[in-house]
Amino acid sequence: MRLPENRELREERGRLATQMQELAAGGMKSSEDREKFNRLDAEQKRLKDRIDFVERADQAYSEMRRSGAPPAGHLGEVISPTEQADHEYRAAFGRYLRRGRSELSMEDRALLKMETRDMAEGALGGAYPGAPVGGGFFVPVGFVQKVEVALKYYGPMLDGGLGMPTILNTETGQPLPWPTSMDTTVMGELVGENQIVTTRDVNIGMIMFGAWKLSTKLVKVSLELIEDSSFDIENFLINQFAERIGRAANMYLTTGLGFAASQPYGIVPATLAGGLIATAVGSYANDGVGAANTIGSDDLVTLEHKVDPLYRREGRYMMSDQVLRSLKMIKDRYGRPLWQAGIRDREPDTINGYAYAINPYMDQLQTAASSPVVTANTMLFGQLAKYVVRRVRNLSVLRLTERYAEYGQVGFLGFYRFDGQLVDAGSHPIAALQNIY
């Protein structure tokens with residue numbers, strides 16, 4: 001457990017946040033003040049990364065303790081048949097990555113064949129839709145879990161934490177209906193003695209989740225590295241796949257245009273379709289200077305109150321890091337900073353009292369007006385958990401031996417299937433802030 005370290009890191013970050021707020025209060029009129037603010041900001045971000053790492057490690061430790069299961073492989077431990085089967089499959093899969101299908105033993109082939117399935121209906125033997133018979137293998141459970149953990153570093157849309165988009169894992173990619181109900185305007189009734197009750201059916205709708213296929217693109221590895229026993233090819237592929245999948249999936253889950261464009265329906269277009277849109281007036285009311293290409297405390301209040309109070313209780317902001325940086329320099333009409341650093345254990349940083357997520361695929365603020373007019377979707381606010389990300393856990397990997405043989409390389413290719421939809425039955429749980437230049 002690292003709670004003492006966590007407290008020390010948070011206290012140090014709180015001191016940096018206080019210095020940043022003092023600089024912002026002074027207006028940062030000199031270049032030295034702006035440079036100092038940037039240095040303090042970079043240092044507090046470094047501390048925040050360390051705090052997140054420590055808290056994730058503590059959470060994993062706590063979950064292991066709650067499970068009552070010691071780490072596998074200890075002397076005297078009895079391993080369950082399921083764990084043993086997964087261990088054997090993972091070992092066989094590792095040999096497949098190093099040597100390819102032709103060099104596998106009969107036992108390994110039989111073991112891996114047990115897990116080769118096609119995700120498309122009516123075909124046999126492939127490990128992804130459209131693969132030839134025997135084209136590849138699904139990765140072991142542990143491989144999938146490590147990829148999923150690493151994905152979180154590349155964008156908030158795959159985080160699945162408290163107040164974040166909901167993650168729905170499925171074993172197959174078949175169409176998945178999600179029922180919705182819009183019943184917010186209907187209330188119960190008083191009924192007198194011997195009087196009949198009124199009939200009012202519940203309005204039921206449905207959102208359909210698909211499974212769009214995402215490729216990691218080819219990852220080439222030299223034969224020398226693969227044959228080197230000190231080279232951990234499994235962790236290498238985990239990092240490469242997670243980086244490529246994470247960036248692409250986060251982009252489509254943020255700005256994807258939906259089924260008509262053969263993409264997931266991103267959280268920004270889905271929110272705009274709901275119609276809860278606030279137009280920023282800028283920070284002039286705060287500083288007497290800011291124009292429409294800024295965001296002020298009044299804009300945040302307007303955005304928050306676009307959302308029903310039921311969803312506002314679990315509300316969270318989403319914005320780019322550039323927008324967050326601008327908000328760190330803004331105070332409300334009473335001189336209170338909009339940005340507050342979380343000081344206590346597991347306390348999040350807040351903007352205007354609400355936690356936030358940084359998404360690199362949200363629009364940024366422009367420095368000046370432009371022609372023709374540009375509309376930037378700079379912030380979202382609401383119950384982000386109403387956005388559901390469907391992930392197919394059967395991640396598959398192909399080993400391409402012949403394609404780069406003349407270069408002494410082997411190609412690896414991964415496929416990941418996912419979809420995203422805003423579960424909005426008509427009550428619109430998320431609102432968007434637009435800056436128009």
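The values are calculated or read from the model by the stated rules, or taken from the named source; none is laboratory data. Note that the coordinates shown come from a computational prediction; the quantities given were computed from them, not determined experimentally. Ideal geometry is used to build each Cβ from the backbone, glycine not excepted, and the neighbour counts take in all protein chains shown.
Summary table below
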quantity: Those residues of segment 21-37 which are part of a helix (DSSP H, G or I), at pLDDT below 85 and either surrounded by 14 or more Cβ atoms within 10 Å (Cβ to Cβ) or touching a Gly at 6+ places or on another chain (Cβ under 7 Å) (or both), in sequence order; calculated: 21, 23, 24, 33
quantity: Residue selected from segment 387-437 under the condition in contact (Cβ under 8 Å) with a residue 12 or more places away in the chain and of a type in the set (Asp, Glu), by the criterion nearest to residue 242 (Cα to Cα); calculated: 419
quantity: Residue under evaluation residue 154, criteria (1) aromatic (Phe, Trp, Tyr); (2) within 22 Å of residue 89 (Cα to Cα); (3) at pLDDT 70 or above, criterion not met; calculated: (2)
quantity: Residue check, residue 172 over 16 Å from the mean Cα position of the chain (by Cα) and at pLDDT 75 or above; calculated: yes
quantity: Residue list for segment 184-219, restricted to those being surrounded by 13 or more Cβ atoms within 10 Å (Cβ to Cβ) and either in contact with a Gly (Cβ under 7 Å, 6 or more places away or on another chain) or β-branched (Val, Ile, Thr) (or both); calculated: 207, 211, 216, 218, 219
quantity: Residues being surrounded by 15 or more Cβ atoms within 10 Å (Cβ to Cβ) and within 27 Å of residue 209 (Cβ to Cβ) - total across segment 272-283; calculated: 4
quantity: The one condition in (1) within 30 Å of residue 423 (Cβ to Cβ); (2) touching a helix residue (DSSP H, G or I) at 6+ places or on another chain (Cβ under 6 Å); (3) not in a strand (DSSP E or B) that residue 186 fails to fulfil; calculated: (2)
quantity: Scope segment 220-271; condition buried (at least 18 other Cβ atoms within 10 Å of the Cβ), within 30 Å of residue 378 (Cβ to Cβ) and aliphatic (A, V, I, L, M); matching residues; calculated: 242, 245, 248, 249, 251, 253, 267, 268, 270
quantity: Qualifying position, being touching a strand residue (DSSP E or B) at 6+ places or on another chain (Cβ under 6 Å) and within 23 Å of residue 154 (Cβ to Cβ), among 302, 378, 279, 350; calculated: 378
